[in-house]
Amino acid sequence: MKTGVLLIVFFAVVSVCWSQNIGTEKPVLGIRVDGDTIVYREIPPVYVYPRSDFRSKRYEKQYWRLVQKVKKVYPYAKKANELLLQYTEQYEATQDKRLRRKYVKQAEEALFGEYGPQLKKLTISEGRILIKLIDRQTGSNSYELIQDLKGGLVAFFWQGVARVFGNDLKSEYDPEVEDRIIEEIIFYIDAGIL
């Protein structure tokens, strides 16, 4: 009987000793309320989007098609913003019009060389989403970007081409009302959920 009690005490002491990891204590902030200390921690916000929008199977299919389209064109919009920032520095660093045209021509050739084949395969609705996402990423609509870099006549021409296919280069991104679902999808993509 004594050996059984000694074994239990021995295993209890050994398990307590093994469970103590030295240096794992982390100081935390606390708030004292009525003589009691309550741990205070900042937690990141949690966004909740209602999924009651799936009123029907048809709407759910449309939603998942939109998810695929946004996932396809969102990287192009992010890359466009990166390249715009990169080339804007060079473009604004010089006042010589000839050098500015040269920078724009280099950027155009680089973009069409690398992304031209993929962009030509976009559907009209994917192009519409890309136009809105470029506005979201850069803060300027596509018409303004073309007008600033290539001139008003070129921007007018491309606006006409876009209108023939049912798009509008002047369309702006509205995350609150019109493009709320696209904003939700982008949030999920950035969070790694989709």
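On inspection, GLU144 fails the criterion of being closer than 30 Å to ILE193 by Cβ, out of contact with any Leu (no Cβ under 7 Å at 6 or more places or on another chain), among the acidic types (Asp, Glu) and at pLDDT below 85.
Residues in the range 161-181 that are over 18 Å from the mean Cα position of the chain (by Cα), touching a residue at least 24 places away in the same chain (Cβ under 8 Å) and on the phi < 0 side of the Ramachandran plot: ALA162, PHE165, ASN167, ASP168, LEU169, LYS170, SER171.
Yes/no matrix, rows are residues, columns are (1) under 30 Å from TRP64 (Cβ atoms); (2) under 19 Å from the mean Cα position of the chain (by Cα); (3) modelled with pLDDT under 85:
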residue: ASP96; (1), (2), (3): no, no, yes
residue: ARG136; (1), (2), (3): yes, yes, no
residue: ASP148; (1), (2), (3): no, no, yes
residue: GLY152; (1), (2), (3): no, no, yes
residue: GLN159; (1), (2), (3): no, no, yes
residue: GLU183; (1), (2), (3): yes, yes, no
residue: GLY192; (1), (2), (3): yes, yes, yes
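Within the range 116-143, count every residue that is surrounded by 15 or more Cβ atoms within 10 Å (Cβ to Cβ) and assigned to a helix (DSSP H, G or I). Going through the range 116-143 one residue at a time, the tally reaches 16.
The values are calculated or read from the model by the stated rules, or taken from the named source; none is laboratory data. Worth saying up front: this structure is predicted, and the values here are computed from it rather than measured. Positions of Cβ are generated from backbone atoms using ideal geometry, with glycine treated the same way; all protein chains shown enter the neighbour counts.
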